[in-house]
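First the structure, in the form of structure tokens, and then the observations on it.
The values are calculated or read from the model by the stated rules, or taken from the named source; none is laboratory data. Just so you know, these numbers come straight off a predicted model, no measurement behind them. Virtual Cβ from ideal backbone geometry, glycine too; neighbours counted across all protein chains shown.
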């Protein structure tokens, strides 16, 4: 049980560090779109997450479709890169 608690604490710390890199801090900072559904699942239980889902629904003008804005989260590229490496 102690090993399990240690593992849970370690995973929680890793999540906190990774999460701290996700917010976009300025409008000049590069960013990426990540699925809100994937982020929610990751926050609930990272051990059940496989590959990050990052399929962005673009319109013909190469922009995010208006009806899909609520399905995606804008995150800092630095944080997105960490997510993409950890959950390829």
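Miscellaneous remarks
- Residue check, residue 23 surrounded by 11 or more Cβ atoms within 10 Å (Cβ to Cβ) and over 22 Å from residue 68 (Cα atoms): no
- Subset of the range 7-35 [free of Cβ contacts under 8 Å to residues at least 40 places away in the same chain and assigned to a loop (DSSP other than H, G, I, E, B)]: 26, 27, 28
- Considering residues of the range 44-64 that are closer than 18 Å to residue 84 by Cβ and touching a strand residue (DSSP E or B) at 6+ places or on another chain (Cβ under 9 Å) only, the residue modelled with the highest pLDDT: 52
- Residues within the range 56-71 that are surrounded by 14 or more Cβ atoms within 10 Å (Cβ to Cβ) and in contact with a helix residue (DSSP H, G or I) (Cβ under 6 Å, 6 or more places away or on another chain), tallied: 1
- Any chance residue 39 is surrounded by 17 or more Cβ atoms within 10 Å (Cβ to Cβ), touching a strand residue (DSSP E or B) at 6+ places or on another chain (Cβ under 7 Å) and assigned to a helix (DSSP H, G or I): yes
- Of all residues in the range 46-88, those satisfying the criterion of being farther than 23 Å from residue 12 by Cβ and not in a loop (DSSP other than H, G, I, E, B) are 58, 64, 66, 67, 68, 69, 70, 71, 72, 74, 77.
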